[in-house]
Amino acid sequence: MLYKLRFNIYPFLFFIPNILVFNDTAEDWQLGFQDPATPIMEGIINLHHDLMYFICIIFIFVSWMLVRTLWHFENTQNIRPSSLTHGTLIEIIWTITPACILLIIAIPSFSLLYAMDEIISPAITVKTLGHQWYWSYEYSDYLNEEGESIIYDSYMIPEEDLDLGQLRLLEVDNRMVIPINTHIRVIVSASDVLHSWAIPSLGIKCDAIPGRLNQTSIFVKREGIFYGQCSEICGINHGFMPIVIEVVKLSNYISWISNKLNE
């Protein structure tokens, strides 16, 4: 896990200077990933770090070759140009070496791609529907006395209605609530135009396409509130349809479901 020590400026936490918190939303000048909350996101970060190892070695080697070539084969140091046009050995080396590197990279890449597409016996199914410009959620596994499932809309909270400590352009009035350590299947679609349901901390980015059902799997390993946004340019209010997922204990999730069914 990646942790950050930060100073909390909210008045009710002002006298607690060092608070160990997760980075589950974007920060100013952030270059790295948000803290992972699912095995998939952990795999994505690990693969990125492994690839950076190869990229750094290749960058250093190519830079060294360019500098060496410019220095030793500069016009004043080589009055008589070389007549060499082909080098069989070097051409074999620079063909086989990148191929071997790609094969080494492919093994963990295919494993991660397979894990991202795998839906493992979901305990809960949630349908996510994108609209212009908000999200709606349906918990079809639960029915009330009238035989109706849980369906609600999730709109962004306007800036003038935000409470102290809430995040601008990221807070919603109704969060998607799921339990911790549970296999969740999310079915994603749209009612009008293309949308994309994306939550960086969970390693999820699933396109919402009208007339088509896409699915993805979630297994969250820790409690928290995770923020995302629509990642498809879907119209004038594209930047104003955030996604907020609240991950709670199973007992709290059961209480939330009971309250929703009794509404």
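Values computed for the structure shown
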item: Distance between modelled label sites at GLU118 and GLN77, nm, 7 Å Cα→Cβ extension; result: 5.4
item: Percent of beta bridges antiparallel (DSSP, the chain, rounded to nearest 5); result: 75
item: Spin-label zone in segment 34-58 - amide nitrogen under 14 Å from a point set 7 Å from the Cα of LYS205 along the C-beta vector; result: 34, 41, 44-45, 48
item: Derived scalar couplings ³J(HN,Hα) [segment 24-29; Karplus, 6.51 cos²θ - 1.76 cosθ + 1.60; whole Hz; x for Gly, Pro]; result: 9, 8, 5, 10, 4, 6
item: In segment 206-258, the GluC sites (Glu not before Pro) that fall in loop regions by DSSP, at most 15 other Cβ within 10 Å; result: GLU223
item: Shape call, the chain: gyration tensor on alpha carbons, a/c limit 1.5; result: prolate
item: Column: log10 I(q)/I(0), Debye, Cα scatterers of segment 69-121, q = 0.15 Å⁻¹; result: -0.68
item: GNM flexibility winner over the chain from LEU167, LEU129, LEU194 (Cα, springs under 10 Å); result: LEU167
item: Segment 124-262 shape via C-alpha gyration tensor axes, a/c threshold 1.5; result: rounded
item: Solvent-accessible surface (1.4 angstrom probe) belonging to ILE254, in square angstrom, nearest 10; result: 90
item: Choice from ALA99, ALA198, ALA115 showing the highest fluctuation, given a GNM over the chain with Cα pairs closer than 10 Å; result: ALA99
item: Efficiency of FRET between SER63 and ALA106 - r from beta-carbon atoms, R0 22 angstrom, step 0.05; result: 0.30
item: Cleavage-rule hits, trypsin sites (Lys or Arg not before Pro), segment 158-192, DSSP coil, Cβ neighbours within 10 Å at most 11; result: ARG168
item: Rg/Rg_globular for segment 138-198, with Rg_globular taken as 2.2 N^0.38 Å and Rg from C-alpha atoms; result: 1.41
item: Largest to smallest accessible area among ASP35, ASP50, ASP192 [probe 1.4 Å]; result: ASP50, ASP192, ASP35
item: SER82 - accessible surface, heavy atoms, 1.4 Å probe, Å² rounded to 10; result: 90
item: Accessible-area order (highest first, 1.4 angstrom probe) of the listed residues PHE59, PHE33; result: PHE59, PHE33
item: Beta bridge orientation in segment 124-262: antiparallel %, DSSP, nearest 5; result: 70
item: Cα-based shape type of segment 115-161, given that a ≥ b ≥ c are square roots of the gyration tensor eigenvalues and the cut on a/c is 1.5; result: oblate
item: Fluctuation leader among ALA26, ALA106, ALA190 - the chain, Gaussian network, Cα springs under 10 angstrom; result: ALA106
item: Qualifying GluC sites (Glu not before Pro) for segment 92-180 [loop in DSSP, other Cβ within 10 Å: at most 13]; result: GLU118, GLU145, GLU146, GLU148
item: Probe 1.4 Å, all protein chains present, accessible-area order of LYS205, LYS260, largest first; result: LYS205, LYS260
item: In Å², nearest 10: area of TYR53 left accessible to a 1.4 Å probe; result: 140
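The values are calculated or read from the model by the stated rules, or taken from the named source; none is laboratory data. In this text, all values refer to a predicted model and were calculated from it rather than measured experimentally. Virtual Cβ from ideal backbone geometry, glycine too; neighbours counted across all protein chains shown. With ligands, DNA and RNA removed, areas are computed over all heavy atoms of the protein, side chains included. Shrake-Rupley method; radii C 1.70, N 1.55, O 1.52, S 1.80 Å.
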